[in-house]
Structures are given as structure tokens and as C-alpha cells.
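A short reminder: the numbers here are calculations on the coordinates, not readings from a lab. Since this is a predicted model, take the numbers as computed values, not measurements. All Cβ positions, even for glycine, are placed from backbone atoms using ideal geometry, and neighbour counts span all protein chains on display.
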Amino acid sequence: MTSLLAAQVVARRVFSTLYIYLDIAFLVVLCALLFVKKRHLTLFFGLAGGVLYMLVDYGIFHLLTGSRHIEGGDLFWVLLWMSMSYGITNFVLLWVWMGKDRRAVEWTLLIFIWWIAAPMLASAFGQDFPTVAIWRETEGYHGYMALVLLAGYLFGILYNLRQKERGKRLPLLRLFAIGVAVQLAWELALLIGGIRSDGFSWEQKLNTLVVNSLLETNLGAVPIFCIYALVTARFLESGARRPAAAFSERVKEINLRSFRGMPLDEPAPVQSPVCVKEEAERRETGGL
């Protein structure tokens, strides 16, 4: 009996070229907003994610395994756009949620709403534009992805078992939830918009949805969090240097942060006794 995860999964997308043009415009706006709002590390990490996706998609999936196929477009340029699109958006989402950005809800809604709206806009207004179909077969490499997934979480589990102080442990359940949620949202948006697995049965579509959501972004959740902790232990979100912290201490700082706290990586100011009293009174009256 073949398991769901081991079965052949064909990740296929069909869209008009208008979808590409609209998405490029959105990416420019997103990057500009990140820059203006001084999310410089987030922006850099998102761009790095796009480059990484391109290296994997074109270098491994196409050149090495030959599992990438396309109809109606140039494979290199379409893959470059796809890699930058989902590399930037996925890695931005991972970065803001792992770091508990106090504007995580706004950044998330901006990206999620676009993922839902873009296919519908392209479908409504792109009838006169050429259609592109691109797909990849996964039977040859999902096993390698599962190996990376196992290695990442095994490292996290072993690391946590060595940490006596709870605050210094990696938030593995939260990382798992983030890794699955980001990919699931992306897959659902493509499915709802009629781009993902066009012409496939619902069983095939569900298979792609479940396997990709559990595996593809989630396999990098632990390594990416470690990178986040190492980088932000030395740099503020604006790119300025901060007093260096040990990895375990930075993990503790992240665990103690709240989404409604101070701006990223900035210490909370010391309040005067009067301010503390006023804050306590405000909470007692329900903020009135």
C-alpha cells in the first residue's frame, strides 16, 4: 500500500500572463512597504528566499531531475517570477511570525488577500492574454524533502532536551503551525482561484494540498528560525547593529516577546512609577 506522502504528486498551475504582470506589481508594492516601514531584515530575507527558491526550482527540479515542464511560456523567466513571488511572500510571512512582529496581522492579510484576489482578477480580465501551464512531478524528491523535515525537527528536539531552562527552548509546536499554515494558505488560494491542479480530480487536488502543506515549507521551519535567531542576535530589524547575544539568550528573548509588544528588537523603555500606576488603573477600568 502506497502512503499518501510517498505517492506521486503533480503540482500543476494554469494561469494567464496577466496574472504574472499583476503579481510583479504587487511584489514591488510589498517590497516598497517593507522598506518604508523599516522592515529591512524582513525585506532582505524575503529576497533571499526568492533566490533560494529559484536555485532549487530551476537548478534542482529542472536541470538536475528534469521534473519541471511548461507549455506556453519560457521556463526560465516563468520560474524566476514564480520563485521570487512565492519566495518573497513565504519568507516574509515566516519572518514576521517567527519574530512576533507587532504588525504580523497586517502583513499577513496583505499577502493572503492578494493570493486570493490575484487569480480572480486575472481570470476576470485576462481572457485576451496568453495562457501558461507549468507543472512538476514530485515522486523523485519528496523522500529527500522528508529527510530534511526529519533532520530539522530532530535537531530541534535534541536541542530542547539539552535546555534545562524552558524559555531557551525552540518553540517547535509554533514553528510547525507556522510552517504548515503558510503553505496551506498558499495552496488553498491557488486551488480556490482555479490555478492549482487545473483539470485534476478532487482526490488529486486534495492529495497535493495535504502533502505540500505538511512538507514543503514546514521542512525549513526549524532551520529558518535558527537563522532568524542568529541574525537578530546581532542586528535590529532596521539593519543597525545591536549588542550581540548568545543563541540561547536570543531564543529566550523571542519566546518572551508578545505580538502587541514594542517594535521589533527594541527594548521596552523603563516606565516611571506614575506611568506604571496609570497603566494599572487603565487596565482596571477596562481601558476607558
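Please state which of the following conditions Asp101 fails to meet, knowing it meets all the rest: (1) assigned to a loop (DSSP other than H, G, I, E, B); (2) closer than 26 Å to Trp135 by Cα.
Tallying (1) assigned to a loop (DSSP other than H, G, I, E, B); (2) closer than 26 Å to Trp135 by Cα, Asp101 fails exactly one: (2).
Within the stretch 58-70, can one find any residue that is of a type outside the set (Phe, Trp, Tyr), in a loop (DSSP other than H, G, I, E, B) and touching a residue at least 12 places away in the same chain (Cβ under 8 Å)? Break it down stepwise before answering.
First, the residues of the stretch 58-70 that are of a type outside the set (Phe, Trp, Tyr): 59-60, 62-70.
Subsequent filtering for residues that are in a loop (DSSP other than H, G, I, E, B) retains 65-67.
Now restrict to residues that are touching a residue at least 12 places away in the same chain (Cβ under 8 Å): 65, 67.
Yes - at least one qualifying residue is present in the stretch 58-70.
Could you check, for the stretch 120-135, whether at least one of its residues is surrounded by 15 or more Cβ atoms within 10 Å (Cβ to Cβ) and within 30 Å of Tyr228 (Cα to Cα)?
The answer is no; no qualifying residue exists.
Which of the following residues is within 17 Å of the chain's Cα centre (by Cα) and closer than 30 Å to Gly143 by Cβ: Leu79, Leu94, Leu43, Leu64? First the steps, then the outcome.
On the way: Leu79 fails: within 17 Å of the chain's Cα centre (by Cα); Leu43 fails: closer than 30 Å to Gly143 by Cβ; Leu64 fails: within 17 Å of the chain's Cα centre (by Cα).
Testing whether each residue is within 17 Å of the chain's Cα centre (by Cα) and closer than 30 Å to Gly143 by Cβ leaves just Leu94.
Which of (1) closer than 18 Å to Arg174 by Cβ; (2) more than 14 Å from the chain's Cα centre (by Cα); (3) part of a helix (DSSP H, G or I) is the odd one out, the single condition Trp114 does not satisfy?
(1)
Six or more apart or on different chains, Cβ atoms under 6 Å: show the pairs whose first residue is in the stretch 32-55 and free of Cβ contacts under 8 Å to residues at least 40 places away in the same chain and whose second is part of a helix (DSSP H, G or I) and small (Gly, Ala, Ser).
Tyr53/Ser83; Tyr53/Gly87; Met54/Ser83
Pairs please, first residue from the stretch 163-188 and more than 22 Å from Phe112 (Cβ to Cβ), second anywhere and charged (D, E, K, R), Cβ atoms under 6 Å, 6+ apart in sequence or on different chains.
Sorted first by the residue in the stretch 163-188, then by its partner, the pairs are Gln163/Arg169; Gly167/Lys252; Lys168/Lys252.
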